[in-house]
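A short reminder: the numbers here are calculations on the coordinates, not readings from a lab. These numbers were taken from a predicted model, which means no experiment stands behind them. Ideal geometry is used to build each Cβ from the backbone, glycine not excepted, and the neighbour counts take in all protein chains shown.
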Amino acid sequence: MPQRSVVEAPNPFREGLRFKESLEPCVMVIFGATGDLTHRKLLPALYNLALEHPLPAGFSVVAFARRPYTDETFREQALESINNYSRQKPVNPQVWESFASGLHYLQSNFHDPEGYVKLNNLLNKLDQERGTSGNRIFYLSTPPSQYPEIIQNLGAVGLNRNRKGWTRIIIEKPFGHDLSTARELNRQVAKVFREEQIYRIDHYLGKETVQNILVFRLANGIFEPVWNRRYVDHIQITVAENLGLEGRAGYYEESGAIRDMIQNHMLQLLTLVAMEPPIAIDANSDSVRDEKVKVLHALQPLSGQEVINNTIRAQYGPGWVGGQQVPGYLQENGVAPDSSTETYVAMKVFVDNWRWAGVPFYLRTGKHLPKRVTEIAIQFKQPPLMLFKDSDAQGQVEPNVLTLRIQPDEGISLKFGAKVPGTDMQIRSVNMDFFYGSSFVREQPEAYERLLLDAMHGDSTLFTRRDEVEAQWTFIQNILDGWQSAPRETIRTYESGSWGPQAADEFIWRDGRRWRRP
Ligand code: BG6
């Protein structure tokens, strides 16, 4: 592997954790290149990288898909996507010209071996013409049922290895449908690619604010000493969405909130909050992922009745979201009228280790909630309040809460009690707030920008490792099994535009706590 140099950026939050130079030219082959993800996320991310970082001269994309397009039609569509979804607008004509000259289209079915022979020839030609030196990234952005045949076909024409350059494969979520299919997919990929070539993507790890969880914990002396069961009462992780299905009923019916959000994004947030400090955060040192996997292994497994007692699942009913009247989940196009797919999940989880024994982690996520917000709130234990027992103030003292706001309004706030000015003793909660937007002038890169760049650099720290994805599924599988045998009445309904079913409130009240209203 060639030497990479790392230079200090003047402000680490501006450029991500590291600002790297000397990116080697490569070709990114996108399977499923006419799909939504390519148009909304991948092409705009690549264009922004070309604009800002610059991508190396010669960087090329091969779009591998079934529709009968040409290079020209694909370029036109790419321009439209970038115009619609790019973070940086308007499109810069010079950057676009040079970026577009590297976009190529190859029409083929995913199962046709001939298509892979053509792909091989095209890649060799690009190596000659654009100097991409045999460096390749294959990006699987098709429906997951097609992953195995694409992987096998790549192997069959020898595209999994290259004597001249490096070869990597990025695999989109969902990675498996349950524990056994995830294991099977891992086995199939491992037959063709080595683990260090495999990049299982979870876009939450590319978000600046998610990466900042570790910086916040480990670069500041004052938080880590209280980051444990002695001081923390409980932790709430919320990923609320006001969006509904967005035309993805086919996918969502098979997935539901637990597979769509909890198995991947929310367990990533949980592991970053709960993990022990790693021995290094260098590219590919694996220490961060080692520590995350330990947390997943420490998750108290739920089984049988525990699943019913510790989780709430629900579907949205009709209601109003953002001033619009919306139908209930069961009335959505493409949803079975008797569907048991959940659009909301709340659960209580314990991390059975020395640091977190006895501290509940409450997770909740749902579609058609009142607003889009992702946050992690750490609520601390209260001090003894006997000094205030003779005044009204005792009832006014609220626990300290440290909130990491992942999105939107990215930032951090700390809630504490302060004396209301006046002659009597009144206490009110106030917030100390940090906003990314006001402290750092530059816009944050999109998650996919960061992750694509890392994959080009060969840094897999922010990607999910084989044992990690299997540990996530091991925990989730117990819940899926518990739900499978639970009566239909355990699937509640909530009004669209509300914060979830009443049962979720009662669930946390039983512990003497309440959900935050972010
Ligand atoms: C995706 C899910 O992985 O994440 C979507 O499939 C969800 O259902 C999305 O809407 C949320 O991502 P973000 O970045 O908007 O929080």
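Given V215, T341, S413, which one lies farthest toward the positive end of the charge dipole of the chain, if we put +1 on the Cβ of every Lys and Arg and -1 on the Cβ of every Asp and Glu?
V215
Identify, among Q484, W499, A455, the residue whose Cα sits farthest towards the positive end of the charge dipole of the range 455-512, taking +1 on the Cβ of Lys and Arg and -1 on the Cβ of Asp and Glu, with the dipole about the Cα centre.
In the range 455-512, that residue is Q484.
How much length is gained on full extension from E76 to W509, taking 0.36 nm per residue of separation minus their Cα-Cα distance?
150.4 nm
May I ask which residue of W509, V239, Y147 lies farthest towards the positive end of the charge dipole of the chain, with charges of +1 (Lys, Arg) and -1 (Asp, Glu) on Cβ and the Cα centre as origin?
Farthest towards the positive pole: W509.
Per residue of the chain, what 222 nm ellipticity follows from adding -39500 (n - 2.57) for every DSSP H run with n ≥ 4, rounded to the nearest 500?
Dividing the helical sum by the residues of the chain leaves -9500 deg cm²/dmol.
Which GluC sites (Glu not before Pro) from the range 234-309 combine a DSSP loop assignment with at most 12 other Cβ atoms within 10 Å?
Numbers: sites: E241, E246, E253, E254, E291, E306; in loops: E241, E246.
The qualifying sites are E246.
Once you put a point 7 Å from the Cα of D433 and another 7 Å from the Cα of S303, both along the Cβ direction, what distance in nm separates them?
Taking the two extended label points, one gets 4.8 nm.
On each of the three principal axes of the Cα atoms of the range 75-179, give max minus min coordinate, whole Å, ordered largest first.
42, 39, 23
Enumerate by residue number the trypsin sites (Lys or Arg not before Pro) in the range 472-518 meeting two conditions: DSSP loop (anything except H, G, I, E, B), and at most 13 other Cβ atoms within 10 Å of the site's Cβ.
Taking the range 472-518 and a limit of 13 other Cβ atoms within 10 Å, the loop trypsin sites (Lys or Arg not before Pro) found are R510, R514.
Considering every Cα-Cα pair within the chain, what fraction, in whole percent, is farther apart than 36 Å?
The answer is 36 percent, as a whole percent.
Give me the extension gain from K381 to V117: residue separation times 0.36 nm, minus the current Cα-Cα distance, reported in nm with one decimal.
Between K381 and V117, full extension yields an extra 88.8 nm.
If the only charges are +1 at each Lys and Arg Cβ and -1 at each Asp and Glu Cβ, what is the size of the charge dipole of the chain around the Cα centre, to the nearest 20 debye?
That gives the chain a dipole magnitude of about 500 debye.
Excluding residues fewer than 8 places away in the same chain, name every one of the lysines whose C-alpha is closer than 26 Å to that of K41.
Here the lysines satisfying the reach criterion relative to K41 are K20, K89, K173, K207, K367, K371.
Quick one: 3J(HN,Hα) in Hz for the range 334-339, Karplus 6.51/-1.76/1.60 with θ = phi - 60°, rounded, Gly and Pro as x.
My calculation for the range 334-339 gives x, 9, 5, x, 10, 4 Hz in order.
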